[in-house]
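To start, the structure under review is shown below, and the notes come after it.
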Amino acid sequence: MIESVEFKNYKALQDTKLPLSPFTLIVGANGSGKTTALKAIRSAAKKESINYSTTCSFGHEEDIQGIRVKINWRQINFIEVIWRDDRPNISFNDRGKTSVEIMESQKMDESRLTNIGKAKIYSFDADATANRVQLNPNIELLENGGNLAGVLDQLRDKDPDRFELLNEEVNRLLPEYDRILFDTPSTGSRVFLLRTTRGKHKVYAQGLSTGTLFALAILTLAYIPDHPPLICLEEPDHGIHPRLLRDLQDALYRLSYPESVGEKREPIQIICTTHSPYFLDLFRDHPEEVVIASKVGQNVTFERLSERFDIKDILQESHLSDVWYSGVLGGVPIR
């Protein structure tokens with residue numbers, strides 16, 4: 001699991017550290033570096049070339065340290081990706097090792113970095129989520145929610161037991177529907193439908209509400225068997241009724257804490273961003289999972305809520321959302 005990520009001269013992330021848990025919820029104002037942090041992690045993990053002049057923090061173009069993203073794993077060495085021009089270089093923590101140990105650890109760390117490079121940053125779009133898809137082996141959910149019909153169809157064929165569990169969960173969260181169905185509008189293509197509990201009417205995906213589509217996409221993520229080790233979701237609460245947010249949280253926890261649902265697999269690390277006070281309130285008893293993103297001048301800072309010495313006094317009997325909205329915790333627009 002990634003324990004933290006340090007950033008240097010990466011756009012608004014001039015000199016800051018993002019602490020992470022198995023599940024992390026980042027809250028903050030628009031422009032406070034939430035999405036930038038997610039993209040920086042993936043750029044480093046994929047060892048991508050960048051446009052140095054537009055990525056480097058304002059006023060730091062001549063900094064000999066360059067642009068840096070340092071990924072710290074729990075109980076193992078860090079990997080630091082450095083750009084001094086458009087091309088990345090990789091630095092390892094090799095202190096105190098023999099040349100053989102260095103070679104072996106770098107192979108292992110390179111493998112971990114490549115694995116993290118498979119991370120997905122989901123930001124769902126209703127039209128993409130509802131669109132028909134062309135079937136192909138090992139189809140994956142796109143970051144905008146595209147291919148959902150194909151992923152569901154594949155789950156039904158390859159893992160019918162999990163597909164049935166997903167249907168039960170859909171009916172529990174969205175009781176007006178009792179089952180996911182499919183249609184073949186043309187050769188090799190699929191669309192999905194939901195069947196109404198009353199009357200057994202079929203509602204095509206394009207006739208479903210945005211919230212229903214997004215809820216189904218998130219539930220699907222929770223039930224498909226194969227995932228990258230890191231999943232990022234931008235505002236997963238978007239379009240979803242506040243009364244369903246607890247179920248949304250449970251679905252995401254299913255990925256991060258598989259033992260809680262009796263699954264024996266490696267946990268999937270989840271990073272979410274949100275502006276929703278309703279979603280934030282669900283984490284009042286888990287301040288270690290909440291990170292406040294604040295922008296002071298041109299620099300972003302990240303602070304884990306549980307690390308504030310005064311957090312118990314601040315919360316007391318208050319809703320977490322009310323305290324955040326007041327500005328006491330930071331992470332709100334500055335007027």
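Quick note: the coordinates plus some simple rules give every number you see, no bench work behind them. Predicted, not measured: the structure shown is a model, and the values here were computed from it. With ideal geometry, Cβ positions are generated from the backbone for all residues, glycine too; neighbour counts draw on all protein chains shown.
Over all directions, the projected convex hull of the C-alpha atoms in the chain averages 20.3 nm² in area.
Near Lys70: Cβ cut-off under 10 Å, other residues only, Lys/Arg at +1 and Asp/Glu at -1. The net charge is +1. In order along the range 160-173, the Karplus-derived 3J(HN,Hα) couplings, from 6.51 cos²θ - 1.76 cosθ + 1.60 at θ = phi - 60°, round to x, 5, 5, 5, 5, 4, 5, 4, 5, 5, 4, 5, 5, 7 Hz, and Gly and Pro are given as x. Rounded to the nearest 10 degrees, the inclination of helix 148-158 to the longest alpha-carbon principal axis of the chain is 70 degrees.
At full extension, Lys46 and Lys264 could sit 75.7 nm farther apart than now, given 0.36 nm per residue minus the alpha carbon distance. Taking square-rooted eigenvalues a ≥ b ≥ c of the alpha carbon gyration tensor, is the range 120-227 rounded, prolate or oblate, where a/c under 1.5 means rounded and, failing that, a/b exceeding b/c means prolate? Judged from the Cα gyration tensor, the range 120-227 comes out rounded (a/c under 1.5).
Volume per residue of the convex hull around the Cα atoms, evaluated for the range 173-272, comes out as 126 Å³.
State which stretch of the chain is the longest one without any exposed GluC sites (Glu not before Pro), exposure meaning a DSSP loop state and at most 13 other Cβ atoms within 10 Å. The longest uninterrupted stretch comes out as 63-175. To the nearest ten degrees, helix 210-223 and the longest principal axis of the Cα atoms of the chain are 70 degrees apart.
Quick one: which of Lys120/Lys264; Lys158/Lys200; Lys17/Lys118; Lys39/Lys158; Lys47/Lys158 span more than 30 angstrom between C-alpha atoms? Checking Cα-Cα distances, Lys39/Lys158; Lys47/Lys158 exceed 30 Å.
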